[in-house]
Amino acid sequence: MPKSVYIETYGCQMNEYDSEILKGILAKTNNYSIIDTPDGADFILLNTCSVRDNAEVTIWNRLTQLKQYKKKKKNLQVGIIGCMAERMRDEIFEKSDLVKMVIGPDEYRRVPEILENSLAGEIGIAVRLSRVETYEDIEPLRTKGLSAWLAIMRGCNHFCTYCIVPYTRGRERSRSVQSILDEISKLQDSGFRELTLLGQNVNSYFDETQKIDFPNLLRKVAKQAPEMRIRYVTSHPLDMSDDLIYSMAEFDNICNYIHLPFQSGSNRILDLMNRGYTSEHYLGRIQKIKENLTDYALSSDIITGFPDETEQDHQDTIELMKAVQLDGAFMFKYSPRKGTKAYKLADNVPEDIKKRRLNEIITLQNSISKSRNQLEIGKSLEVLVEKPSKKKATEWMGKTKSNKVVIFDNLENQFKEGDLVHTKIIRSNSATLFGEIVK
Ligand code: SAH
Ligand code: SF4
Ligand code: F3S
């Protein structure tokens, strides 16, 4: 009888993809079945994130909840995998007596063996980071649907001073172009309509053997899969080359949505963060995007309350937000991470000020998002049909190439998941567009 494994995933899209990789590894052994509920599972694995303290708090709380499953099933084995496993290593065993396995993101090939040994009472720890592991020969076990993820590179060499990712994910390494194109062929055969290329710094992708960089990879992918919408995430402003922008302009199926985090609008803070660019450089990239792409949308990550951030620095961030006019943003309070360079700096922006600044930028972004979405009114936009909207069964939702949600009538279920429809946008708010089908 195969043993059952339940994997619960937290954190970024790379973690979602990694869970699919791990399922692929386990499925290949024929000794394990993957289930989608913790009830009755022989193994529960939490694929974790360490990027901010609250991501880890969530996991500790979840572990407390999981004790009930252990009570019901004495031989249940629980493991922590992913970034928190890599960051905390054996400290996790000291903090939780439920956890018997700790496995980092470059060690998933060893999971079958570690699971088996844990049944014999062995504690499992595997946290070595690799310079070469890309899992390029592993076929991920994906859930059928419209969208697929595909990691083309892993790791990060940037070492922004606040960020734990280079320590949990190791150095940058890229998969071969051929392995990527082969995997995409399989996705095409299985009817996926949208593909997101993933990497911690996706635009620094480089195939060493064939000397192919990210813009040229993108061209090959777009050419091979004209029926698929192609997206990518996350880019670094330093690697946002002109050629990348040109490659996006060349192909209709490369989505004109760019997530390009700037983190702060203050050059002084950007320097303290080791981001390697100025707000002027960032604005230059946006200018280039505006000149070359139509109907594009932009989003960013912004951190507020970094050590020594003054009111002036905060205003600089506000000014940059106003100048760029992002369609959306992910905004965070700075969270000190042990082991990073910034951890040595005093976390000296008081909590109430961090909170106030965060609220200010959230309010500003909402009004910018609203006015950006107003500009869509009257346009005719192509929408990839997804599913019924939450509010009404006859209203469905889908996304534009620029990643905006459009709600439209689907009265007699004339449209189904995966259809492409054209909608004319008639109204909008800060989060959503409302469209009428154009025949
Ligand atoms: N590789 C990506 C994503 C990194 S993590 C990139 O470079 O953009 C996603 C976001 O989390 C970051 O862009 C940053 O805004 C935020 N983040 C990372 N470390 C953080 C910290 N210590 N405190 C608050 N936010 C953080
Ligand atoms: Fe973290 Fe910076 Fe690397 Fe992004 S580029 S993963 S923020 S170190
Ligand atoms: Fe979190 Fe690791 Fe992703 S720290 S954001 S799960 S790379």
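Tabulated values for the structure
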item	result
Coarse-grained scattering of the chain at q = 0.08, 0.10, 0.12 Å⁻¹, given as base-10 log I(q)/I(0) from a Debye sum over alpha-carbon atoms	-0.50, -0.79, -1.15
Selected from 145, 418, 121 as most flexible by GNM, with the chain as the system and alpha-carbon contacts under 10 Å	121
Residue among 374, 68, 200 with the largest mean-square fluctuation in a Gaussian network model of the chain, springs linking Cα atoms under 10 Å	68
Size descriptor, Kirkwood hydrodynamic radius, that averages inverse alpha-carbon separations across the range 147-374, Å	18.6 Å
Alpha-carbon radius of gyration plus Dmax, which is the widest Cα pair, for the range 8-87 in Å	12.9, 37
Of all DSSP beta bridges in the chain, antiparallel share, percent nearest 5	35 percent
Sequence of 132, 99 once ranked by neighbouring C-beta atoms within 10 Å, starting from the fewest	132, 99
Taking 277, 162 and counting other C-beta atoms within 10 Å, the order from fewest to most	277, 162
Ranking of 189, 252 by count of other Cβ atoms within 10 Å, fewest first	189, 252
Hull volume in cubic angstrom per residue (convex hull over the Cα atoms of the range 267-336)	85 Å³
Against the rule of thumb 2.2 N^0.38 Å, how large the Cα Rg of the range 199-309 comes out	1.14
Over the chain, relative contact order from alpha-carbon pairs under 8 Å, at least 6 apart, %	10 percent
The range 211-258 - percent relative contact order, Cα under 8 Å, separation 6 or more	49 percent
The range 147-374, relative contact order in percent, only Cα pairs under 8 angstrom and at least six apart counted	18 percent
Projected area averaged over orientations for the range 327-439, convex hull of C-alpha atoms, nm²	9.7 nm²
For the chain, cysteines whose Cβ has no other cysteine Cβ within reach (under 4.7 Å)	12, 49, 83, 156, 255
Net charge dipole size for the range 147-374 [Lys, Arg +1 and Asp, Glu -1 on Cβ; Debye, nearest 20]	540 debye
Isotropic mean projected area of the C-alpha convex hull, the range 62-146 (nm²)	7.4 nm²
For the range 251-374, alpha-carbon Rg relative to the globular expectation (2.2 N^0.38 Å, N residues)	1.10
Among beta bridges that DSSP assigns inside the range 147-374, antiparallel share in %, nearest 5	15 percent
In sequence order, calculated HN-Hα J values of the range 369-376 (Karplus, 6.51, -1.76, 1.60; Hz; x Gly/Pro)	4, 4, 6, 4, 5, 5, 5, 7
Highest average packing first - 134-143, 322-331, Cβ atoms within 10 Å	322-331, 134-143
Global size of the range 380-437 as Cα Rg and Dmax, reported in angstrom	9.9, 29
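Bear in mind that the values in this text are calculations on the coordinates, not laboratory data. Treat the numbers as computed from the prediction; the structure is a model and nothing was measured. No Cβ is skipped: glycine too gets one built from the backbone with ideal geometry, and neighbour counts run over all protein chains shown.
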